[in-house]
Amino acid sequence: MKNKLVLTSLALSLALAFSAHAADKKHPAKTATVEEAPLRAHLALISSDLFEGRGTGQRGADLTVQYLESQSQVIGLKPGNGNSYRQLVKIAGVKALPQQSSLQLVAGGAPIAIEFGKDWVWAPGDAVATHQFDTDIVFVGYGITAPEEKWDDYKGQDVKGKLLVMMVNDPQPTAEEANRFGGKALTYYGRWTYKYEEAKRRGAAGVLLIHTDASASYGWSVVQNGGTAEKFQLQGAALGTGLQGWISEDTARKLFAGAGKDLDQLRAAAERKDFAPVTLAAKLVGEEKADIRTVDQYNIAAVVPGTDPKLKDEVVIYSAHWDHLGKQGTTGDTIYNGAIDNGSGTAALLAMAKAAMQAPAKRSQMFLWVAAEEQGLLGSAMYAAQPLWPANKTAANLNLDSLNFMGITRDISTRGSERTELGEIAAKVAKDMGLSVAPVEPDLAGGYFRSDHFSFAKAGIPAFSIGGGRDYVKDPEGTREKARAHSKRTYHQVSDEFDPTWDFSGMVQQAQFTLNLGRAVADGAKMPAWKAGDPLGQVRAR
């Protein structure tokens, strides 16, 4: 069976190569038109069991890198890193060993009965194999220090060596302060990455985040699947605290009640500016053990050179993360295929690159498949730290992460583009395609900070992720409900598998819009700028 799959893979790869070559020779295109056939074929293959879920540090990851590299050569793309398509992303792999650890939460002098995975998940955030804890626990509300909001959850208290328990998200708006922390939208202060970073800056021993479905925007099963798997951290980057993890809301209630505190009362208090940290009559005790290894992963960067003698030195970057959760567990279906997340974006970039080669733009165009997004945007963070193209000559980053498989729409989502001049360009491109721009709604889940474009934005590059529309041409409300149900059922689950009955017209539409937008930027008179006052724009201004 395995040999048959390998032969099928090789045959499909050759077929894709031949079709690209034949199209160039027999029907030279004058416009960059994304075709469904290569998008469908690439997606069917890279989300098959053969690629084993493209897990970071796993065999499937190596296969994926080789595939993207070979397909870039087939298409005729130029290597983006000198003579190589690869950019090394050096990663520390961290796998918690709960069976060999003796960690306990003790409240009011009594240990709380909790189970790893079911009630809490954790791992070292500093890539150190063993930690000993006999540590006081402090509730720090949202764990935020934001001078521009006149907000400080720490109030100058020394939390060095303490375990910090905190809430996900950021303070909610009030009638008096309707726009604090972005109003209903989530700011970067609400992201767990910020909370870990701030705790590290203050010398904390560890962090436990209180999970609720509403505040995290996903269920405990997502935390469980990610938390029990191997975790990864960029080597050489600023690492985290000795313990980083999550506790379920029920576990938090047990902890606070055992310490003689009411969780709901303290959460309500944490919504006010006068909140101060509360030391609980509780401790984290015991030994934390983990397996640590070094993993070499790769971003794949491939370029369509620009045609203008001067503008070709500037670039538009299209990105998508190639990784998913790989193989986990030993029984049942162990492969997290990641067909939509993000096999769809990975395949779309290949189809877009093929189209772009047929009609190059004035500026160069880079197709960048980044590693380890599921581990905390590690591949894109590596690229932003060590860009293959100068950041000040990078016009924009357009990112794709999970495409529309439900059919064509009358609109397209450009949320995040309004922070830069990309918003106006995107609106014009949409109009030219007969599309409307979907209304910008409050970013309740902090989506702008959760995908690879954010690594570019932090480096001062105008960037956002193009989302699929929701105004479906066929049965709009019924199709929206099907899409919501599918996402709820498959997000980060083994059920995110390729379905040959999907309507690929929506994926093609989304990919074509992204390519058209990139082309408009690549042919524009100047590079897009940030809107005045946007804090991310200050990076480029410097």
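Bear in mind that the values in this text are calculations on the coordinates, not laboratory data. This structure is a prediction, so every number in the text was calculated from the model and none was measured. In this analysis, Cβ positions are derived from the backbone assuming ideal geometry, glycine residues included, and neighbour counts consider all displayed protein chains.
Separation of the alpha carbons by more than 27 angstrom is noted, of Lys78/Lys428; Lys195/Lys289; Lys354/Lys428, for Lys78/Lys428. For the chain, the longest principal axis of the alpha carbon atoms and the long axis of helix 422-432 meet at an angle near 40°. Stretching the chain fully between Asp475 and Glu271 yields a gain of 69.3 nm (0.36 nm per residue, less the alpha carbon separation). Exposure proxy shown here: for Val207, Val168, the number of other Cβ atoms within 10 Å sets the order, fewest to most, as Val168, Val207. Sum -39500 (n - 2.57) across every DSSP H segment of at least 4 residues in the chain, then divide by the residue count to get the 222 nm mean residue ellipticity, nearest 500. Dividing the helical sum by the residues of the chain leaves -9500 deg cm²/dmol.
Binning all Cα-Cα separations of segment 94-292 at 5 Å, short to long from zero, yields these whole-percent fractions: 1, 8, 16, 21, 22, 17, 9, 4, 1, 0, 0. Taking the number of Cβ atoms within 10 Å of each Cβ as an exposure proxy, the fewest-first ranking of Ile408, Ile114 is Ile114, Ile408. The ranking of Ser48, Ser495 from fewest to most other beta carbons within 10 Å of each one's beta carbon is Ser495, Ser48. Projecting the Cα atoms of Ala348, Tyr336, Gln358 onto the charge dipole of segment 334-413 (Cβ charges, centred on the Cα centre) puts Gln358 farthest toward the positive pole. At full extension, Ala532 and Ala113 could sit 145.6 nm farther apart than now, given 0.36 nm per residue minus the alpha carbon distance.
The simple Förster model, with R0 at 41 Å and r as the Cβ-Cβ distance, assigns Val440 and Gln100 a FRET efficiency of 0.25. Of the trypsin sites (Lys or Arg not before Pro) found in segment 75-161, those in coil by DSSP whose Cβ has at most 13 other Cβ atoms within 10 Å are Lys118, Lys150, Lys155, Lys160.
Positive-end ranking of Gly226, Gln99, Ala252 along the dipole of segment 94-292, with charges on Cβ about the Cα centre, is headed by Gln99.
For segment 366-382 versus segment 419-490, the spacing of their alpha-carbon centroids is 19 Å. Applying D = kT/(6 pi eta Rh) to the chain, where Rh is the Kirkwood radius over alpha-carbon pairs, T corresponds to 4 °C and eta to 1.567 mPa s, the Stokes-Einstein value obtained is 53 µm²/s.
Dipole size of segment 94-292 about its Cα centre, with +1 on Lys/Arg Cβ and -1 on Asp/Glu Cβ: approximately 140 debye, rounded to the nearest 20.
The long axis of helix 36-46 is offset from the longest Cα principal axis of the chain by roughly 40 degrees. Charge dipole (Cα centre; +1 on Lys/Arg Cβ, -1 on Asp/Glu Cβ; no other charges) of the chain amounts to roughly 1220 debye. Averaging 1/r across all pairs of distinct Cα atoms in segment 389-542 and inverting the result yields a Kirkwood radius of 16.4 Å.
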